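Heads up: the structure comes next, in structure tokens.
The values are calculated or read from the model by the stated rules, or taken from the named source; none is laboratory data. Owing to the predicted nature of the structure, the values given are computational and were not obtained by experimental measurement. Positions of Cβ are backbone-derived with ideal geometry, glycine not excepted, and every protein chain shown enters the neighbour counts. These accessible areas exclude ligands, DNA and RNA; they are computed on the full protein's heavy atoms, side chains included. Shrake-Rupley method; radii C 1.70, N 1.55, O 1.52, S 1.80 Å.
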Amino acid sequence: MSDHSHEHQSFETRAIHAGNTADPLTGAVVPPIYQVSTYKQDGVGGLRGGYEYSRSGNPTRTALEENLAALEGGRRGLAFASGLAAEDCLLRTLLSPGDHVVIPNDAYGGTFRLFAKVVSRWGVEWSVADTSDPASVRAALTPKTKVIWVETPSNPLLGITDIALVADIARTAGAKLVVDNTFASPYLQQPIALGADVVVHSLTKYMGGHSDVVGGALVAADAALGEELAYHQNAMGAVAGPFDSWLVLRGIKTLAVRMDRHAENAGKIAELLTRHPKVHKVLYPGLPEHPGHEIAAKQMRNFGGMISFRVTGGEEEAVAICDRTKIFTLGESLGGVESLIEHPGRMTHASVAGSALEVPGDLVRLSVGIENIDDLLADLTQALG
């Protein structure tokens, strides 16, 4: 459940204190890692703090879930073993055979695979829309639409969707609006305040922030939906473990300062890329020429640390650039303190090849870390040639 005692505090204060109650036994200021599977009962059904079995509830996970709800301004936060485990639980809760979902034409490859290869086997239909275009979203709706799914900024093309506008469309259609907030994090953007029903996170990324944990989260705007999701979380069992929960909590404490540095570095790298003769397009919402710049400025605190760009020379040159960096590490994932570079078409988005979501072969994606900006600029300059 959400902890309302922190709702009037600043984001930075909530990130450090929400859910982080001092240990009543020792006074420890960091929640302990309750590495335990079961709990002693005081007589049959006499649960201490409501804990009986760690799939159903664990104090370390509870601390994280309360923190997540406080940061996103939701009524219930839930932590899972991965982002896709969170998505799976959400879709099984919201959808039944015959229902329809609108998904973005620029979705994370794993999310697309979940819809195309798994959810479709339940008899759930889906169609693709450009969620940055309200007319495209409305055109994709059917009488059976139950969910509109949005990523903003999107992965990997950094598209921006007006959350409040799409929330109005969803409400009129009687559908739930789900927003994947992974690229922004709750520090930069809070979709529930803009009308979203559920927020999805890969906690692996900016929330954990140190490339040492895999996790996922759901935050529900409505308490009743939160309870329903919690029931399915327990029934399905793909919960976050106590140590993973502790690692994410530790990462969240520095989320604000990290996100500011990610964005500061990314802005300077975007400027470099716009001037480079080997780059013919830079996809970064902080650039005034980005089609979603004004909406991003309205609904985000800053423009984040993710950049994609397209290179002259095609796919082989894009792959070669990925191979030539020294500080930017060639690897999947994003949101860690270290800078990463990848080729989406052959790596994170290989699953969308041949579909309406296929990404350009000449595309390179950067997760800009918090290293010294001069070192990062020099590394990219030499890699570009």
Counting only helices (runs of 4 or more DSSP H) entirely within the range 23-116, those with at least 2 residues that are over 15 Å from the mean Cα position of the chain (by Cα) and closer than 27 Å to ASP133 by Cβ are 83-94
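Among the listed residues ALA256, ALA270, identify the single one that is touching a Phe, Trp or Tyr at 6+ places or on another chain (Cβ under 7 Å), closer than 24 Å to ALA296 by Cβ and either without any contact (Cβ under 8 Å) to a residue 40 or more places away in the chain or among the acidic types (Asp, Glu) (or both).
None of the other options fit; the residue is ALA270.
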When restricted to ARG92, ARG113, ARG75, the only residue surrounded by fewer than 19 Cβ atoms within 10 Å (Cβ to Cβ) and touching a Leu at 6+ places or on another chain (Cβ under 9 Å) is ARG113
Filtering the range 318-333 down to residues that are on the phi < 0 side of the Ramachandran plot, out of contact with any Asp or Glu (no Cβ under 7 Å at 6 or more places or on another chain) and not hydrophobic (A, V, I, L, M, F, W, C) yields ASP323, ARG324
Those helices (runs of 4 or more DSSP H) completely within the range 278-385 that have 2 or more residues that are within 16 Å of ALA184 (Cβ to Cβ) and within 18 Å of the chain's Cα centre (by Cα) are 293-299
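Only residues that are closer than 19 Å to ASP180 by Cβ, within 17 Å of the chain's Cα centre (by Cα) and small (Gly, Ala, Ser): list them for the range 196-238, please.
Hits for the range 196-238 are ALA196, SER202, GLY208, GLY209, GLY215, GLY216, ALA217, ALA220, ALA221.
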- Task: Evaluate the following for GLU294: is it more than 20 Å from ASP130 (Cβ to Cβ), loosely packed, with under 15 Cβ neighbours inside 10 Å and of a type in the set (D, E, K, R)?
- Result: no
Listed by first then second residue, the pairs whose first member lies in the range 109-136 and is farther than 22 Å from PRO344 by Cα, whose partner is among the aliphatic types (A, V, I, L, M) and at pLDDT below 95, with beta carbons under 8 Å and at least 6 positions apart or on separate chains, are TRP126/ALA116; TRP126/VAL119
Would you be able to say whether some residue in the range 186-206 is touching a Gly at 6+ places or on another chain (Cβ under 9 Å) and charged (D, E, K, R)? yes
Looking across the range 231-245 at residues that are of a type in the set (A, V, I, L, M, F, W, C) and in contact (Cβ under 8 Å) with a residue 12 or more places away in the chain, the single one that is farthest from LEU94 (Cα to Cα) is PHE243
Within the range 345-384, of all residues that are touching a strand residue (DSSP E or B) at 6+ places or on another chain (Cβ under 8 Å) and at pLDDT below 95, the one surrounded by the most Cβ atoms within 10 Å (Cβ to Cβ) is GLY345
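Working carefully through the options THR26, THR21, find the one that is of a type in the set (Val, Ile, Thr), over 18 Å from GLU227 (Cα atoms) and modelled with pLDDT under 90. Lay out the reasoning, then the answer.
Details: THR26 fails: modelled with pLDDT under 90.
Matching residue, one of THR26, THR21: THR21.
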Here the residues within the range 116-136 that are over 13 Å from LEU357 (Cα atoms) and surrounded by fewer than 19 Cβ atoms within 10 Å (Cβ to Cβ) are LYS117, VAL118, SER120, ARG121, TRP122, GLY123, GLU125, ASP133, PRO134, ALA135, SER136
From the option list LEU283, LEU273, single residue qualifying as over 30 Å from VAL248 (Cβ atoms) and at pLDDT 95 or above is LEU273
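Considering only the range 168-273, give the helices (runs of 4 or more DSSP H) lying wholly within it that have at least 2 residues that are open to solvent by 10 Å² or more (accessible area, probe 1.4 Å). Steps first, answer last, please.
Values: elements: 185-188, 223-236, 242-252.
The helices (runs of 4 or more DSSP H) meeting that bar are 223-236, 242-252.
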Over the range 1-18, the set of residues assigned to a loop (DSSP other than H, G, I, E, B) and either modelled with pLDDT of 90 or more or among the hydroxyl-bearing types (Ser, Thr, Tyr) (or both) is SER2, GLN9, SER10, ALA18
Being touching a helix residue (DSSP H, G or I) at 6+ places or on another chain (Cβ under 6 Å) and touching a residue at least 24 places away in the same chain (Cβ under 8 Å) narrows LEU366, LEU357, LEU283 down to just LEU357
